[in-house]
1. Output the qualifying pairs, or none if there are none: Cβ atoms under 7 angstrom, residues six or more apart or on different chains, first residue in region 136-150 and in contact (Cβ under 8 Å) with a residue 40 or more places away in the chain, second residue small (Gly, Ala, Ser) and in a helix (DSSP H, G or I).
2. Condition test on Gly104, is it assigned to a helix (DSSP H, G or I), in contact with an Asp or Glu (Cβ under 9 Å, 6 or more places away or on another chain) and of a type in the set (Gly, Ala, Ser)?
3. Consider Ala327 against the criteria (1) under 16 Å from Val100 (Cα atoms); (2) surrounded by fewer than 23 Cβ atoms within 10 Å (Cβ to Cβ): it satisfies all of them except one. Which criterion is unmet?
4. Where residues in region 200-242 are in contact with a Gly (Cβ under 9 Å, 6 or more places away or on another chain) and of a type outside the set (A, V, I, L, M), which of them is surrounded by the most Cβ atoms within 10 Å (Cβ to Cβ)?
5. Identify the residue in region 348-360 that is under 12 Å from Phe119 (Cβ atoms) and either aliphatic (A, V, I, L, M) or not in a helix (DSSP H, G or I) (or both) and, among all such residues, is nearest to the chain's Cα centre (by Cα).
6. Kindly establish whether Ile397 is modelled with pLDDT under 95, of a type in the set (A, V, I, L, M) and not in a helix (DSSP H, G or I).
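The values are calculated or read from the model by the stated rules, or taken from the named source; none is laboratory data. Treat the numbers as computed from the prediction; the structure is a model and nothing was measured. Cβ placement follows ideal geometry from the backbone for every residue including glycine, while neighbour counts extend to all protein chains displayed.
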Amino acid sequence: MHHTSLIATIVAGLGLAFVFGAIANRLKLPVLVGYLLAGVLVGPFTPGYVADQELAPQLAEIGVILLMFGVGLHFSLKDLMAVKNIAIPGAVVQIGAATVMGLGLAVALGWSVGAGVVFGLALSVASTVVLLRALQERRLIETGRGKIAVGWLIVEDLAMVLALVLLPALSGVLGGEAPATQGATAFLGGGVMAAFAITIGKVVAFVAFMLIVGRRVIPWVLHRIAHTGSRELFRLAVLAIALGVAFGSAALFGVSFALGAFFAGMIMAESELSQQAANETLPLRDAFAVLFFVSIGMLFDPMVLIREPLSVLAALAIIVVGKSIAALVIVLAFRRPMSTALTISVSLAQIGEFSFILAGLGVSLKLLPEDGRDLVLAGAILSILLNPLLFAWLDRILPGMIAKERAAAGEEPAITAAAQPHALLIGYGRVGKAVAEGLKGKTPLVVIEDDVERADDLRKAGFETVSGNAVKPEVLLKAGLDKATHLFVAVPNPFEAARIIEQARAANPGCEIVARAYTDADVVLLKQTGATHALIGEEEIAKGMLARAPKKKPAASSGHH
Ligand code: AMP
């Protein structure tokens, strides 16, 4: 089967991930539990088929690249700069705290100080994939909290690039094996400083190269290709740039694949084609992200849970509790609200790919005992399993907490229009924004918007705004549903729209309800639940075109007299 090991690995990985993901979903567990389990099954520690252990992590790396590229597409240099004041100290202090705790556990287990440092570092850095997937699922990436978390992740990523380079240079000092190549430069004692300077220099050169050359070339290429009108070529261009820049920057500048991909995305984000570029990579990104979890599962030896349960628990406590407390303290020290602090803590309360690389390097330098790597792996898998549960808990407590924080800060004033006849608009996106502008000054208006940041924009623009999901009765109540004369449902999801309309009809039979639809089936559903009108975007575009068509029939010039 050697010649087909790549195919076998992909098929087994995706196939089993699908089966176990579906089962997990059925049991109301997070799907990634299923993916990890699929990985354990095709891994070397369980009987039966064993997938290729060299190929699986490489496939996973493609997932990391595409994910980071996608995040870059939603980021600008300005965003990155805006969060640096909290992300840099935050990441540094958190890494420091985790390393000290890891060192403590290592010493307690009777390992060397060098082992402790590697172990602690490995426990300190969160997994890109786990963090981004959690944020993306909740549409948090583009919120203030999400941006801090991503900035924090980038700083950690940079710190790990440094750690991976410096570790071999420092290995001798820490009591490990100094690699032979390093011996020649180390005799001056300048090896460490030199390695440090070279690494920093390469990162700076990489960033400068991307900002000066990449920034001109990449958007140019993309525009040229977009003008060819070939969707296939455009898709290919996006993929080629994402993968090419990631690989090239790793090969030339020694930065991680993830960092290279992030910069490629960030530069593309300045082009107006970025949204389209993001959409083109979605299906591949999701498929490879699944393989990421499978490949982690493959590394896991379940026996370690029986062999060293207490050490595993201690490592897990450092990752989930220790790191979270450190992050919480720092974010609060920067006077950010508790909701932000909790989101960041939970996002980072796990470890993944970088930790394995670091632990693997530690073992190969004879710094870290094999046991250490097993603990890192067990800690990673358990913390990744716990993470969705922590997020589910956050989803429950956060909305109330944010509402209270805003009320305390005087940011959510009473809605005066709600008590009189008014128009009620739900959703302030592409559709809702235009509706709000059109209604301004003509009628008392209340807007409901789910996205916290967008709701802030609305208030700044002078609209009376309720923030929250309009599916919830209390949100509708606050917006004065019973007094509304007109209800405009401008949310994209027709099922949510139907649930909103149902409540509106029950509370307010006389209200004129206009809803947003995509298909004829939506129109039927929305009208059945009580909408007065349901509009399909494409039909309205056609009407708009016809409204601009020639008014009179041109004089006929043919025919006989
Ligand atoms: P667009 O598709 O660009 O018109 O954006 C839709 C807008 O509606 C976004 O700003 C969403 O945050 C908002 N939205 C979507 N669902 C809801 C909901 N159930 N309640 C309130 N706002 C929503």
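1. Sorted first by the residue in region 136-150, then by its partner, the pairs are Leu140/Gly146; Ile148/Ala87; Ala149/Ser347.
2. Spelling it out, it is not the case that Gly104 is assigned to a helix (DSSP H, G or I), in contact with an Asp or Glu (Cβ under 9 Å, 6 or more places away or on another chain) and of a type in the set (Gly, Ala, Ser).
3. (2)
4. In this case the residue turns out to be Phe206.
5. Ranking the qualifying residues of region 348-360, first place goes to Ile351.
6. It is false that Ile397 is modelled with pLDDT under 95, of a type in the set (A, V, I, L, M) and not in a helix (DSSP H, G or I).
One line per residue, one yes/no per condition, for (1) touching a strand residue (DSSP E or B) at 6+ places or on another chain (Cβ under 6 Å); (2) modelled with pLDDT of 90 or more; (3) within 25 Å of Val294 (Cβ to Cβ):
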position	(1), (2), (3)
Gly96	no, yes, no
Gly120	no, yes, no
Ala134	no, yes, yes
Thr143	no, no, no
Ala163	no, no, no
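Residues are listed down the side, and each one gets a yes or a no for (1) under 18 Å from Leu386 (Cα atoms); (2) in the same structural domain as Val71 (by TED's automatic domain parsing); (3) modelled with pLDDT of 95 or more; (4) part of a helix (DSSP H, G or I):
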| site | (1), (2), (3), (4) |
| --- | --- |
| Ala317 | yes, yes, yes, yes |
| Val331 | no, yes, yes, yes |
| Val346 | yes, yes, yes, yes |
| Leu367 | no, yes, no, no |
